[in-house]
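The values are calculated or read from the model by the stated rules, or taken from the named source; none is laboratory data. Bear in mind the structure is a predicted one, so any value in this text is a computation, not a measurement. Please note: Cβ atoms are built from the backbone with ideal geometry, for glycine as well, and neighbour counts cover all protein chains shown.
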Ligand SMILES: [Mg+2]
């Protein structure tokens, strides 16, 4: 199952262009999704530019440092055979800006972030349903 995952406000606190503090439980749940067979696609507005600012690279590195395997970066490699659409294909999109996404606002955080206590178990249940 393809899961598109936003970065700022979803995996870390909104501190763009810096990498904010970890959103509580995000790393644990993302590792769990991969363990259950999910293919994670980082789906973020971050980009690298010609002046050497590597804001997208910073996000990718965060996944590497936290041992979270990425299947794609702003692109689902498996969709090339059936579409030219620029939208990355996912079965699920997890994004703090998505309408209806459960949010929390930890006291030290700049902005509200994804509530993984709600999102994690719900996505896990979807994954378990698919593979059982
Ligand atoms: Mg966001």
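What number of residues within segment 110-132 satisfy the criterion of being touching a residue at least 12 places away in the same chain (Cβ under 8 Å) and either more than 16 Å from the ligand (Cβ to nearest atom) or touching a helix residue (DSSP H, G or I) at 6+ places or on another chain (Cβ under 9 Å) (or both)?
To start, the set of residues in segment 110-132 that are touching a residue at least 12 places away in the same chain (Cβ under 8 Å) comprises 110-120, 123-124, 126-128, 130-131.
After this cut, where a residue has to be either more than 16 Å from the ligand (Cβ to nearest atom) or touching a helix residue (DSSP H, G or I) at 6+ places or on another chain (Cβ under 9 Å) (or both) as well, the list is 113-114, 116-120, 123-124, 126-128, 130-131.
Total meeting the criteria: 14.
Is it the case that residue 59 is in contact (Cβ under 8 Å) with a residue 40 or more places away in the chain, in contact with a helix residue (DSSP H, G or I) (Cβ under 7 Å, 6 or more places away or on another chain) and closer than 20 Å to residue 109 by Cα?
On the way: in contact (Cβ under 8 Å) with a residue 40 or more places away in the chain: yes; in contact with a helix residue (DSSP H, G or I) (Cβ under 7 Å, 6 or more places away or on another chain): no; closer than 20 Å to residue 109 by Cα: yes.
Considered against the rule, which asks whether it is in contact (Cβ under 8 Å) with a residue 40 or more places away in the chain, in contact with a helix residue (DSSP H, G or I) (Cβ under 7 Å, 6 or more places away or on another chain) and closer than 20 Å to residue 109 by Cα, residue 59 comes out as no.
Counting only residues that are surrounded by fewer than 19 Cβ atoms within 10 Å (Cβ to Cβ) and under 17 Å from the mean Cα position of the chain (by Cα), which one in segment 112-128 is nearest to residue 32 (Cα to Cα)?
Initial filter on segment 112-128 (surrounded by fewer than 19 Cβ atoms within 10 Å (Cβ to Cβ)): 112, 115, 117-118, 121-122, 124-126, 128.
With under 17 Å from the mean Cα position of the chain (by Cα) added as a condition, the list becomes 112, 115, 117-118, 121-122, 124, 126.
Working: 112: 23, 115: 16, 117: 13, 118: 14, 121: 10, 122: 12, 124: 8, 126: 13 Å.
Among those that are surrounded by fewer than 19 Cβ atoms within 10 Å (Cβ to Cβ) and under 17 Å from the mean Cα position of the chain (by Cα), it is 124.
So residue 51 passes all but one of these: (1) over 15 Å from residue 16 (Cβ atoms); (2) at pLDDT below 95; (3) touching a helix residue (DSSP H, G or I) at 6+ places or on another chain (Cβ under 9 Å). Which condition number does it fail?
(3)
When you look at residue 70, is it in contact (Cβ under 8 Å) with a residue 60 or more places away in the chain and either surrounded by 16 or more Cβ atoms within 10 Å (Cβ to Cβ) or within 13 Å of residue 12 (Cα to Cα) (or both), yes or no?
no
From 40, 25, 56, grab the single residue that is over 22 Å from residue 130 (Cα atoms), within 15 Å of the chain's Cα centre (by Cα) and buried (at least 17 other Cβ atoms within 10 Å of the Cβ).
56
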